[in-house]
Every structure is written in structure tokens, then in C-alpha cells.
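Before any comments, here is the structure.
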Amino acid sequence: MVRRAMQPKLTGTELPFSGFRRASLRRAIASSTCHWRFCAAAVLAVTVSSCSAQGDAPSNPAQTSPPTAVETSSTASAAEGDLLPDLVMLPLQSIHIGYDRGEKVLRFTADVLNDGDGPMQVTGTRSSTEERDLLVSQDILQANGDFRSVETDAIMRYETVDRHDHFHLQEFQRYRMRPEDSDEWRGSRKEGWCLRDDGSLRDTSSRYSDEDYYCGEDEEFDITELTQGMTEGWVDSYNWYLEGQYIELEGLELPGNFCLEAEADPNRVLTEKNDDNNVTSALVHITETEASVVRQGC
């Protein structure tokens, strides 16, 4: 398993995925029937479990949701001079049938764009290493170049079961799926996220250095403060082959059409320009051996 947080950071408009991957991303945005700037937001009620690379996965995601400080939260009010980020879920890509520990699953790639005026930057702190979690504040860039800190209800938690051995921002995204004619959703195995700049859709350089992307790896009992972030204009990509980037298919009646959704900041604990574009979805036709996109939006 590649430790995503330890991959070298790129600069300028380079991408960790190929030029073909970037072109594919732009085509997906352009062809989406629900354009990413104007997609309506929806609140997802999804259970999320392990972001593990190896080892035994929980048998029932609905019984193993990660703990959070609160279920929902209101974001802080924007202030004059704030250069706010704007999280945008781009159209889902690379949707196909795969296997995990011998079980058939639906895999997919989820891309989050910061289309705002400033970075999406968060800092986790704890008073001592005896405390398990880092309490998260959002660092909001000001027009004068300073940052103001805003408390949130988010947490960072050190994960070992997935062999990443670093701190994850809990519930930064949520994934869920339901049959087209049903309102019964099932969640994914993804639990936490390590924010980073994977590629730029603007002609801008990343604000962060390589050291900012280690996410506290191998320092569970050493650090009391940790910063993660996404530069404005940059995409944070979670590829289909990463652990947790799937939804189990066991028990579903196949073939059939299913609505697959992804949402950024589902609990609305982060302050941004607009949260009406935090959701993306695709209607997917799934058989025993294949998955194909019927249309973007469902």
C-alpha cells in the first residue's frame, strides 16, 4: 500500500496522475449534467468505517462509524477580509467492480477541488500526547496575509489499522450508495483523510512544503500540533485503488441502477464561501462483472 501522505509534493500545474488523468478530470467536469459550480447540496446520512490498507475490516459499517466531536455543527460566520476556501466535489471517476479481501465491491475515484479565494487549512492541537485526538481549528487567510483561527467540532485521529500510521481528519468526506428506486443507503469503508495538494487546476503554486504532507506519520506519541491544507485552485484526489474507496455490493440485487454520492464536509464544520456545491453524484448501472455510468447526477 502506497502511503499517500508521503508521496513527493508537486509544484505549479504538475499532477501526481498523468496528463491523461488531468484531461479526463476536465472532461468529466465539462460533461457533467450537474455542473460542479451549481450542484445542489444534500445532507448525507452515511456510516463510514475503516480507511485500512490491510488487516480485518469491520463486518458492518453501520456499526462502526468513527467517533466525532458532534454529529452536526454550524460553521463560523465569515468576517470582513476573509479569503475563504470553497470545497467542490468533482464528478466521480474510475467507477468499476473490484474486490477487497475476497468480497465484491464498487470502487471509485473522488476528487475535491478548493475553488475558493484562500486555502482550506486546518490545525489540530492537543494539550499533551496522552490525549488521543487533536482538536481542529480552521486557519482562515485574511486579505492582509494574516490568518485568523476559528474553532471547529472536527478532530484528527491517528490511524494504525490501515498501516498509514498518520493522523486523519475525520469525516472530511462521506460516500454512500442506494438503489435507484430506494431510499436505503449504505456507506463506504473510508474513515479519515489527510489533506494535500495533488494537482492544480489554476496556474498557481502550492502553499505547502513536503513536510506539511507527512500528516504526523510515525509520531502518534510525539506531536501536539499538526497542520494540513489545500491551496486554492488545487485538487485533493482519492484514487479508486486506495483503501476505503469502495462500497460493498454484498446483498444487493444485481443487475440494477444505483445512485452513488460523495459529499465534502458533510457535517458542515468548516467555513467556506459556498456549501451548495459540496455534493456530487452519478447514476451507475451495476452487473455482476461491470459498472457503467448512466449519467452524472441522480
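The values are calculated or read from the model by the stated rules, or taken from the named source; none is laboratory data. Only a predicted model underlies this, so the values are computations on that prediction, with no experimental measurement involved. As a convention, Cβ positions derive from the backbone with ideal geometry for all residues, glycine included, and neighbour counts pool all protein chains shown. Areas reflect the complete protein model, heavy atoms only, side chains present, ligands, DNA and RNA absent. Shrake-Rupley method; radii C 1.70, N 1.55, O 1.52, S 1.80 Å.
Summary table
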| item | result |
| --- | --- |
| Any hit, region 256-264, residues being open to solvent by 10 Å² or more (accessible area, probe 1.4 Å) and more than 30 Å from residue 158 (Cβ to Cβ) | yes |
| Strands (runs of 3 or more DSSP E) completely within region 200-298 that count 3 or more residues being under 17 Å from residue 109 (Cα atoms) and of a type in the set (A, V, I, L, M) | 256-264, 279-286, 291-296 |
| Any chance residue 214 is in contact (Cβ under 8 Å) with a residue 12 or more places away in the chain, within 30 Å of residue 82 (Cβ to Cβ) and within 13 Å of the chain's Cα centre (by Cα) | no |
| Count - residues of region 285-297 that are surrounded by 15 or more Cβ atoms within 10 Å (Cβ to Cβ) and closer than 11 Å to residue 93 by Cα | 2 |
| Segments classed as strands (runs of 3 or more DSSP E), wholly inside region 98-149, with at least 2 members that are surrounded by fewer than 18 Cβ atoms within 10 Å (Cβ to Cβ) and not charged (D, E, K, R) | 134-142 |
| Subset of region 184-196 [modelled with pLDDT of 95 or more and among the acidic types (Asp, Glu)] | 184 |
